[in-house]
Amino acid sequence: MADKVDPIREQASNGVNITALAKLARLEVSDAEIAKLEKEIPDILAFVETIQKADVSTEAKTDGLRNVMRADENPHESGKYTEVLLKAAPAREGNRVAVKQVISRKK
Amino acid sequence: MDLSTLTIAEARRALDAKEYSALDLTNAYLDAIVKKDGEIHAYLEVWTDSAREEAKAADAVIAAGKSQPLTGIPIAVKDNMLIEGRIVSAASKILENYRASYDATVISKLKAQGVVFLGRTNMDEFALGSSTENSAYGPTKNPHDTSRVPGGTSGGSAAAVAAGMALAALGSDTGGSIRQPAAFCGVVGLKPTYGAVSRSGLIAAASSLDQIGTLAKNVGDAKILFDAIRGHDPMDSTSLPDNAAAAKGERKTIGVPREFLNDLNAEVRAQFDATVQTLKDKGYSVVDVALPSLQYALAVYYIINPAEVSTNLARLDGIRYGLSVPADVIGEVYSKTRAAGFGAETRRRILVGTFVLSSGYADAYYRKARSVRELIRADFAKAFEGVDAIVMPTTPSPAFKLGEKNNDPVSLYLEDIFTVPVNLAGVPAISVPGGTVERDEKKLPVGFQIIGAWGGEETLFAIGKDV
């Protein structure tokens, strides 16, 4: 990302833009927590950056891989699990999981 | 019956000999929980009524002469394995009221044997931590010194077994979450080969590292419970075929990675050396092994773990299950629900995971970590060409004080130095009690870790019994 503006990593320092990161992670973060995370996250990243020293020029082995997919056949009867799955959902409308609108009408 | 020394093997004998009933045994454990768990807090929920019903059903099976190894045996289950109809929360607020819609495969297998389920045990939220202090429902305390942590993330399971509040327990181990609490609580903890036990119905933390295993008073009991839950499962695409090659060996040559143990605490080192000497005295030959890439293990782990955690926990967004915080638009339902439902360490891992997977950083962090992980795996493969097992301490020090490492995530991560390489390589390992060290005039247990080649559980049991 050399010649683009980096939305996460702040260019001038080792800092991380927690607000941008939290948005990507679909996580609301309070101002107090942002202040704490602005120290902790770079500490953690500095800690894991030691792997950059490792020489990984040899290729990863892929032998021993096997097909783990079953044949696409014998489906269960339609609707068999509908009720049990819907029971776990916080909100339902009929036989659907109810969700809020993507864009607010108020704005 | 003396619950502090009772084993599964002895209980089996006594139940089949009708010296006491499964109901007597279950009631003894329920009484012990009432008496002790107010202080220890190993359990998040105790299933008193259903446990008694299961015990009565087990008594009928025993009376009919049809008992299996675990019929009527009271065990505890970590709060991240699904039992149909029961709350399973992964010790998180986001799943506080979530009821499982099916049985985990390990639970189905234990139900088929007539096991008695005593309750669900405390853990670090979503199996993220090393002390059980990250539980949304308060920490568990170490039965050997209640001012100290029991370890984590399966701290509740380890404390329950150590305090005589369960005969054995199921845990899960992503970076040491069975072995480290077993070490801190003075019990045996087994992390099987990746794929040996089905993960179907285990709430995922980091899927390429997670493995269900057993906590018990001795090696024999850990094996009995492991034998009951192992095996291929079509519901888990990473579960190994039953004919997967088991490691074979003379079980008499043990490797010690001396270079990796240089900075070890002197007392822990002395206990470790004494245990190695015990094995030498029993005819084992001990050689040095080199595992040069292990120096990167913690860094690799703390990239891969948050990456997978952030991906797995994306499903918890207030739509399909669990907590849902109302908001006008769906994006805010996600972000408010996740803020309200996840604890501080979980949020930290999600953010680190999001960073190392983000466009522009995935190559330098996540993909690089995967490559270095292959080097670690290759180190183990090479070492096992010359030795039957590798031994090292389970942890660098004994149980630490509650709150001691709360303010510094990285110092807590360092606790996992001897356990995470095992998960990265996917090999099996067992922690067995390896002596004690004294702190504040209390004797605290330390663990001796035996690591086997892929499929080498039987080697671990054989050596573990000689420790």
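In order along the range A:24-37, phi translates into HN-Hα couplings of 4, 8, 6, 9, 7, 10, 6, 4, 4, 6, 4, 4, 5, 5 Hz, rounded to whole numbers, per the Karplus curve 6.51 cos²θ - 1.76 cosθ + 1.60 with θ = phi - 60° and x for Gly and Pro. Taking the 1.4 Å solvent-accessible surface of the range B:186-304 as the whole, the part contributed by carbon and sulfur is 50%. Rounded to whole numbers, the Karplus 3J(HN,Hα) couplings from phi for the range B:190-207 are 10, 9, x, 3, 4, x, 6, 10, 4, 9, 4, x, 9, 5, 6, 9, 10, 4 Hz, using 6.51 cos²θ - 1.76 cosθ + 1.60 with θ = phi - 60°, and x at Gly and Pro.
Roughly how many debye, to the nearest 20, is the charge dipole of the range B:92-150 about its Cα centre, given +1 on each Lys and Arg Cβ, -1 on each Asp and Glu Cβ, and no other charges? Write down the numbers at each step before the final one.
Numbers: 7 positive and 6 negative charges, 47 e Å.
Around 220 debye, computed over the range B:92-150.
Qualifying GluC sites (Glu not before Pro) in the range B:92-151, where qualification requires a DSSP coil assignment and no more than 16 other C-beta atoms within 10 Å, comprise B:Glu96. Burial here means at least 40 square angstrom less accessible surface with every protein chain in place than with the chain by itself, probed at 1.4 Å; in the range B:351-376 the buried residues are B:Leu351, B:Val352, B:Thr354, B:Phe355, B:Tyr361, B:Tyr365, B:Lys368, B:Glu374, B:Leu375. Note that the range B:65-146 presents 28 Å² accessible area per residue, ligands and nucleic acids not counted, probe 1.4 Å.
Counting only DSSP H runs of at least 4 residues, each contributing -39500 (n - 2.57), and dividing by the residue count of chain B, the helix-based mean residue ellipticity at 222 nm comes to -11500 deg cm²/dmol. Per residue, the range B:335-467 exposes 32 Å² of solvent-accessible protein surface, assessed with a 1.4 angstrom probe and all protein chains in place. Close amide H pairs (under 5 Å, H built 1.01 Å from N) link B:Phe448 with B:Thr394, B:Val432, B:Gly434, residues at least 5 positions away or on another chain.
How high is the FRET efficiency from B:Asp227 to B:Ser411, r the C-beta distance, R0 56 Å, rounded to 0.05? The computed FRET efficiency comes out at 0.90.
Residues of the range B:393-434 losing 40 Å² or more of accessible area relative to the isolated chain, 1.4 Å probe, heavy atoms only? At a threshold of 40 Å² (probe 1.4 Å), the residues of the range B:393-434 that become less exposed are B:Val410. Computed from the Cβ-Cβ distance with R0 of 60 Å, the FRET efficiency linking B:Thr311 to B:Asp281 stands at 0.80.
Of the residues B:Asn265, B:Phe380, B:Tyr29, the one whose Cα sits farthest toward the positive end of the charge dipole of the protein assembly as shown, with +1 on the Cβ of Lys and Arg and -1 on the Cβ of Asp and Glu, is B:Tyr29. Taking all Cα pairs closer than 8 Å and separated by 6 or more residues, the relative contact order of chain B comes to 17 percent. The charge dipole of chain B, taken about the Cα centre with unit charges on the Cβ atoms of Lys, Arg (+1) and Asp, Glu (-1), comes to about 380 debye, rounded to the nearest 20. Working note: Karplus 6.51/-1.76/1.60 with θ = phi - 60° gives the range B:279-289 the couplings 5, 4, 4, 8, x, 7, 9, 10, 10, 7, 10 Hz, where Gly and Pro are set to x.
Which listed residue (A:Val56, A:Ala35, A:Thr82) has the Cα farthest towards the positive end of the charge dipole for the range A:34-95, taking +1 on Lys and Arg C-beta and -1 on Asp and Glu C-beta about the Cα centre? Ranked along the dipole, the leading option is A:Thr82. Around the Cα centre of the range B:59-195, unit charges on the Cβ atoms of Lys, Arg, Asp and Glu (plus for the first two, minus for the last two) sum to a dipole of about 220 debye. In the protein assembly as shown, taking the dipole from charged Cβ atoms about the Cα centre, the farthest positive-side position among B:Phe461, B:Gly72, B:Ala163 is held by B:Gly72. Heavy atoms of chains A and B lose about 4300 Å² of accessible surface on contact, summed over both sides with a 1.4 Å probe. Subtracting the Cα-Cα distance of B:Ser359 and B:Asp273 from 0.36 nm times their residue separation leaves 26.3 nm of extension gain. Using a 7 Å offset from the Cα along the Cα-to-Cβ direction at both B:Asn262 and B:Arg367, what is the distance between the two label points in nm, to one decimal? About 3.3 nm separates the two model spin labels. For B:Arg439, the residues whose modelled amide H falls within less than 5 Å of its own, excluding neighbours fewer than 5 places apart on the same chain, are B:Leu444. Can you pull the percent of the range B:309-467's accessible area that's carbon plus sulfur, 1.4 Å probe, other chains left in place? Its accessible area is 49 percent carbon and sulfur atoms. Computed from the Cβ-Cβ distance with R0 of 45 Å, the FRET efficiency linking B:Ser50 to A:Ser30 stands at 0.65.
Within the range A:42-57, the residues that become at least 50 Å² less accessible when every protein chain is included than when their own chain is isolated (1.4 Å probe; DNA, RNA and ligands ignored) are A:Ile44, A:Leu45, A:Phe47, A:Val48, A:Ile51, A:Gln52, A:Ala54, A:Val56.
The values are calculated or read from the model by the stated rules, or taken from the named source; none is laboratory data. As the structure is a computational prediction, the values presented were derived from the model and not from experiment. Neighbour counts are summed over all protein chains in view; Cβ atoms, including those assigned to glycine, are modelled from backbone coordinates with ideal geometry. To get the accessible areas, we keep the full protein, side chains included, count just its heavy atoms, and leave off ligands, DNA and RNA. Shrake-Rupley method; radii C 1.70, N 1.55, O 1.52, S 1.80 Å.
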